[in-house]
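The structure appears below as structure tokens.
The values are calculated or read from the model by the stated rules, or taken from the named source; none is laboratory data. Computed from a predicted model, the values in this text were never measured in an experiment. Because the Cβ atoms are built from the backbone with ideal geometry, glycine has one as well, and the counts that use them run over all protein chains shown. When the accessible area is computed, the model is the full protein with side chains, heavy atoms only, and any ligands, DNA or RNA have been set aside. Shrake-Rupley method; radii C 1.70, N 1.55, O 1.52, S 1.80 Å.
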Amino acid sequence: MTPGGSQSLPGVVVVTGVSRYLGAHVAARLAADPRIDRVIGIDLPEPGPEIEALLDRVERIRIDAGSVGGLLADLDVDTVVHLALVSSPDPQHGGRAAMKEQNVIGTMQLLAACQRAPRLRKIVVRSSTAAYGASFRDPAVFTEETEPREVPRGGFGRDILDIEGYVRGFRRRRGDVTATVLRFAPFIGSTADTTLTRYFAQPVVPTILGRDARLQFLHFEDALEVLHRSVVEDHPGTFNVAGPGVLALSQAIRRAGRIAVPVLEPGLSGAVALARLMGFGRYGLDQVDLFVHGRVVDISRLEREYGFTPRSTAAAFDDFIRAHHGRAVVTRDQLAAAEKLVLDQIRQVRSAVRERS
């Protein structure tokens with residue numbers, strides 16, 4: 001295949017998860033492409049006002065991804081872009097059980113419907129580099145063929161492994177369909193709003209004492225570009241998608257002008273407690289392990305097959321910093337709370353050491 005892939009222009013494209021940020025932007029971008037006849041967005045929740053404004057050229061159907069049934073055949077759909085994944089559990093909407101239901105069961109049901117769709121020619125599935133997990137046994141760089149050394153501790157990473165397993169089964173049953181799996185690094189950029197961007201946007205950043213994770217990011221606009229190319233070109237296979245280069249966590253914190261608050265690793269749960277205390281929101285084990293061990297992936301397959309290189313990890317991070325400059329101020333109460341929690345963790349570790357000796 002030549003760089004950029006052979007062109008395979010779709011007629012009717014279904015995008016799942018359009019009530020959310022990524023799905024809405026992808027659907028809007030595809031709908032603006034005059035080479036595509038129709039873009040149909042499916043999702044159960046109603047989108048917010050900002051998302052609603054993006055979807056004026058997108059036909060919408062209020063169902064979830066797992067309930068498409070015969071819809072794909074009825075609408076003569078030839079391309080499906082599956083983006084309806086939840087990356088962290090929401091205690092107010094069913095927690096981990098609801099997350100797994102949507103990610104794993106929803107994908108399984110969608111693929112079953114795709115298998116029965118006679119005109120389907122292509123499916124593009126959002127995946128994540130969380131599939132590799134994050135542990136002290138990891139290689140320096142993951143390629144698409146690298147098996148995880150340990151099963152991911154977090155629910156999202158385990159869901160991704162299940163999802164990719166279902167896609168492999170679909171490929172065996174429907175060899176006539178081009179199946180593209182995109183393992184995205186964490187999104188960042190001037191417009192992205194994710195757990196990661198909220199982590200770095202806050203004034204005080206919890207870290208693990210003695211650890212300096214190597215991180216890769218992907219600019220949100222580059223994620224949109226790769227998804228768009230995956231729809232209008234043929235790129236069968238699995239691809240790592242990340243910005244080239246690496247930032248250490250300490251470098252990222254300094255670039256962001258934030259304050260690192262180190263927590264002793266035996267008190268790792270304290271890092272999560274600190275995050276919540278400082279208003280960081282929910283952090284699952286996927287994110288905590290990433291900030292402890294880091295993760296770096298090789299993108300040479302993407303560059304070769306797509307003829308495209310995302311902007312570097314450092315450039316993507318700097319774009320995020322420019323957009324958020326000056327929004328966060330460390331208050332005296334926040335610093336006092338952070339110092340107290342760190343000192344409590346140190347006392348607990350020292351106490352445990354004395355009891356064992």
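For the range 48-142, what is the convex hull (Cα atoms) projected area averaged across all directions, in square nanometres?
If you wrap the Cα atoms of the range 48-142 in a convex hull and average its projections, you get 9.0 nm².
³J(HN,Hα) across the range 253-258 via Karplus (A = 6.51, B = -1.76, C = 1.60, θ = phi - 60°), whole Hz, x for Gly/Pro?
After applying 6.51 cos²θ - 1.76 cosθ + 1.60, I find 5, 5, 4, 7, x, 9 Hz.
Just reorder GLU46, GLU59 by solvent-accessible area, largest first, 1.4 Å probe, all chains present.
Putting GLU46, GLU59 in descending order of accessible area: GLU46, GLU59.
Using unit Cβ charges (K, R positive; D, E negative) and no other charged atoms, how large, in debye to the nearest 20, is the dipole of the range 81-164 about its Cα centre?
That gives a dipole near 340 debye.
Name the long-range amide H neighbours of ALA260: under 5 Å, sequence gap of 5 or more, or other chain; modelled H, no Pro or chain starts.
Sorted by chain and number, the residues that satisfy this are VAL205.
Just in the range 111-169: which GluC sites (Glu not before Pro) are loop by DSSP and have at most 15 other Cβ atoms within 10 Å?
Sparse-neighbourhood loop GluC sites (Glu not before Pro): GLU145, GLU150.
I need the phi-derived Karplus couplings for the range 152-167: 6.51 cos²θ - 1.76 cosθ + 1.60, θ = phi - 60°, integer Hz, Gly and Pro marked x.
For the range 152-167, the Karplus-derived couplings read x, 6, x, x, 5, x, 5, 4, 4, 4, 5, 4, 5, x, 5, 5 Hz, x marking Gly and Pro.
For the range 62-132, with all protein chains present and a 1.4 Å probe, just round the carbon and sulfur fraction of the accessible area to a whole percent.
Here it works out to 50 percent.
Using modelled backbone amide H atoms (1.01 Å from N, in-plane), which distant-in-sequence or interchain residues come within less than 5 Å of ILE40's amide H?
When sequence neighbours closer than 5 places are left aside, the close amide H contacts are VAL13, VAL14, VAL15.
May I ask for the net charge around LYS100, where only other residues with Cβ less than 9 Å from the Cβ of LYS100 are counted and Lys, Arg are +1 while Asp, Glu are -1?
-1
At a threshold of 8 angstrom on Cα-Cα distance, excluding pairs fewer than six apart, so keeping six or more, what relative contact order does the range 124-179 reach in percent?
It rounds to 37 percent for the range 124-179.
Compute, for LEU83, the solvent-accessible surface of its heavy atoms (probe 1.4 Å) with the complete set of protein chains present, and express it in square angstrom to the nearest 10.
Answer for LEU83: close to 10 Å² accessible.
Calculate, for the range 139-195, the solvent-accessible area per residue in square angstrom, rolling a 1.4 angstrom probe over the heavy atoms of the protein chains.
Using a 1.4 Å probe on heavy atoms only, each residue of the range 139-195 averages 44 Å².
Hey, what do the phi angles of the range 168-174 turn into as Karplus ³J(HN,Hα) couplings, whole Hz, using 6.51/-1.76/1.60 and θ = phi - 60°, x for Gly and Pro?
Karplus values, whole Hz, x for Gly and Pro: 4, x, 4, 4, 5, 7, 10.
Less than 11 Å Cβ to Cβ from LEU120, Lys/Arg counted +1 and Asp/Glu -1: what total charge do the surrounding residues give?
Here the count lands on +2.
Around ILE63, what is the net charge, scoring Lys/Arg as +1 and Asp/Glu as -1 over all other residues with Cβ under 14 Å from its Cβ?
-3
Would you mind giving the three semi-axes, in whole Å and largest first, of the ellipsoid equivalent to the range 195-255 according to its Cα gyration tensor?
30, 13, 9
So who's got an amide H within less than 5 Å of the one on GLY307, skipping anything under 5 residues away but keeping other chains? H placed 1.01 Å off N, in plane.
Correct list: GLY4.
Please state, rounded to one decimal and in Å, the Kirkwood hydrodynamic radius that the range 84-232 gives when every pair of distinct Cα atoms enters the mean of 1/r.
Result for the range 84-232 stands at 17.2 Å.
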